[in-house]
1. Within region 2-48, which residues are assigned to a strand (DSSP E or B), aliphatic (A, V, I, L, M) and surrounded by 10 or more Cβ atoms within 10 Å (Cβ to Cβ)?
2. Report every pair of residues separated by at least 6 positions or lying on different chains whose Cβ atoms are under 9 Å apart, first residue within region 39-52 and within 15 Å of Thr25 (Cβ to Cβ) and small (Gly, Ala, Ser), second exposed (fewer than 10 other Cβ atoms within 10 Å of the Cβ) and at pLDDT 90 or above.
3. Can you work out which of the residues in region 52-63 that are surrounded by 10 or more Cβ atoms within 10 Å (Cβ to Cβ) and either farther than 22 Å from Gln7 by Cβ or not aliphatic (A, V, I, L, M) (or both) is nearest to the chain's Cα centre (by Cα)?
4. For region 27-51, give me the residue count where each residue is hydrophobic (A, V, I, L, M, F, W, C) and under 18 Å from the mean Cα position of the chain (by Cα).
Amino acid sequence: ESRGAHQRLDEGCTERDDVNFLKHTLAFRDADGTTRLEYSDVKITTLPPAKRVYGGEADAADKAEAANKKEKANG
């Protein structure tokens, strides 16, 4: 699973996996000093998560989005 600054380039880890890994990570320090991790689901309230693209890939995505909007506007 790769995401933002935590991108991995090794095989099998190059794409986001929102189904299994879109979680809030909660860290707690217990009375004995040990650390405990728990996870909670992320509630999407506005924009759905999407791949971030840059450079040529972003330019192509922008052109495709503009063409799609133009097509919808023209009916």
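The values are calculated or read from the model by the stated rules, or taken from the named source; none is laboratory data. From a predicted model like this one, the values you see are computed outputs, not experimental measurements. As a convention, Cβ positions derive from the backbone with ideal geometry for all residues, glycine included, and neighbour counts pool all protein chains shown.
1. Keep residues of region 2-48 that are assigned to a strand (DSSP E or B), which gives 23-29, 35-41.
Filter once more, keeping what is aliphatic (A, V, I, L, M): 26-27, 37.
Within region 2-48, just Leu26 meets the criteria.
2. As it stands, the answer is Ser40/Thr25, since those pairs meet every condition given.
3. Quick first cut of region 52-63, residues surrounded by 10 or more Cβ atoms within 10 Å (Cβ to Cβ) only: 52-53, 57-63.
The next check asks that each one be either farther than 22 Å from Gln7 by Cβ or not aliphatic (A, V, I, L, M) (or both); those that pass are 52, 57, 59, 62-63.
Details: Arg52: 8, Glu57: 16, Asp59: 19, Asp62: 18, Lys63: 22 Å.
In this case the residue turns out to be Arg52.
4. Kept after step one, since they are hydrophobic (A, V, I, L, M, F, W, C), are these residues of region 27-51: 27-28, 31, 37, 42, 44, 47, 50.
Now drop any that are not under 18 Å from the mean Cα position of the chain (by Cα), which leaves 42, 44, 47, 50.
The number of residues fulfilling the criteria is 4.
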